[in-house]
1. Restricting to the range 1-13, and then to whatever is within 12 Å of the ligand (Cβ to nearest atom) and not in a loop (DSSP other than H, G, I, E, B), can you tell me which residue is farthest from THR144 (Cα to Cα)?
2. Of everything in the range 28-78, what is open to solvent by less than 80 Å² (accessible area, probe 1.4 Å) and of a type in the set (Ser, Thr, Tyr)? Give them in sequence order.
3. Could you check how many residues of the range 14-27 are modelled with pLDDT of 95 or more and either of a type outside the set (Gly, Ala, Ser) or surrounded by fewer than 18 Cβ atoms within 10 Å (Cβ to Cβ) (or both)?
4. Could you go through the range 79-91 and let me know if any residue there is open to solvent by 40 Å² or more (accessible area, probe 1.4 Å), in a loop (DSSP other than H, G, I, E, B) and farther than 19 Å from VAL154 by Cα.
5. Give me a count of the residues in the range 14-51 that are in a loop (DSSP other than H, G, I, E, B) and near the ligand (Cβ under 9 Å from one of its atoms).
6. Answer yes or no: is there a residue in the range 52-67 that is within 20 Å of the chain's Cα centre (by Cα), within 12 Å of the ligand (Cβ to nearest atom) and among the β-branched types (Val, Ile, Thr).
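The values are calculated or read from the model by the stated rules, or taken from the named source; none is laboratory data. Keep in mind that this is a model prediction, so the values were computed, not measured. Backbone-built Cβ (ideal geometry, glycine too); neighbour counts: all protein chains shown. Please note that ligands, DNA and RNA were not included when accessible areas were found on the heavy atoms of the full protein model with its side chains. Shrake-Rupley method; radii C 1.70, N 1.55, O 1.52, S 1.80 Å.
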Amino acid sequence: MLMRRLQACADMITKGNIVCDVGTDHAYLAVELLKQNKCNHVIASDIGEGPLQAAEKTLVHAGLKNKATLLLCDGLQAVPQKDVTDVVIAGMGGETIVHILSNCKWIKNNVNLILQPMTKASVLRQWLSENGYNILQEKVVRETKFYYTILKAVYDGKEHNYTQLQLALGVIDWKEKISLEYGKFCLAQWEKLAEQLKQSNQILEEKYRILISELKEKIIF
Ligand SMILES: C[S@@+](CC[C@H](N)C(=O)[O-])C[C@H]1O[C@@H](n2cnc3c(N)ncnc32)[C@H](O)[C@@H]1O
């Protein structure tokens, strides 16, 4: 069974002809995509030889090696565009995801991007909004004590303006129970942070106070 974070990525795959799992590591996601019939073929890529060897082992063990292409490369550099409908980039920092996206031209050709940043998600959302990508959906999942957001984006060449709250926490549906839980968790953290910033950085404190009041509007009825 996949971890919730990776299952949420799998659930966002809609077209699923060829899916590219960038930074596949152990290929757990790639194997499950095939097992769950979410796609016909996977391209499992990684920048490291060790992770790629682990990926090969998992695919062979699952008897699915014939439905996968393994590629050693930085991001999507060696990945051919042909028939790739979805690209998943999970478990990496927001800045690394930006690096990978900004170095690939063909992802602009109606490819579904499923992105799960571990850190600096706001940097990724800002980059998407300034570079013609539309965030179609964003989901929150909780695994042990951590919250993760997974977003689906597609290039449409238009400018998309998101609020500061959306850039910070995601373009999420506040009607969902898990979003409210996540919102309350972040609210407690921001309130603590704003209190600490009172003495050291009043400009940043003010920024957090504004975010806090926007967040309260979403989660307190
Ligand atoms: C923490 S693992 C995440 C594995 C899996 N995607 C997940 O979400 O569980 C990060 C993987 O991304 C790979 N990676 C890091 N930077 C990369 C890049 N620029 N291009 C391709 N793979 C990269 C690492 O080698 C590592 O195997």
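1. Ranking the candidates gives ALA10 first.
2. The answer is SER45, THR58, THR69.
3. Of the residues in that region, 8 qualify.
4. For the range 79-91, residues open to solvent by 40 Å² or more (accessible area, probe 1.4 Å), in a loop (DSSP other than H, G, I, E, B) and farther than 19 Å from VAL154 by Cα: absent.
5. 7
6. Looking through the range 52-67, none of the residues is within 20 Å of the chain's Cα centre (by Cα), within 12 Å of the ligand (Cβ to nearest atom) and among the β-branched types (Val, Ile, Thr).
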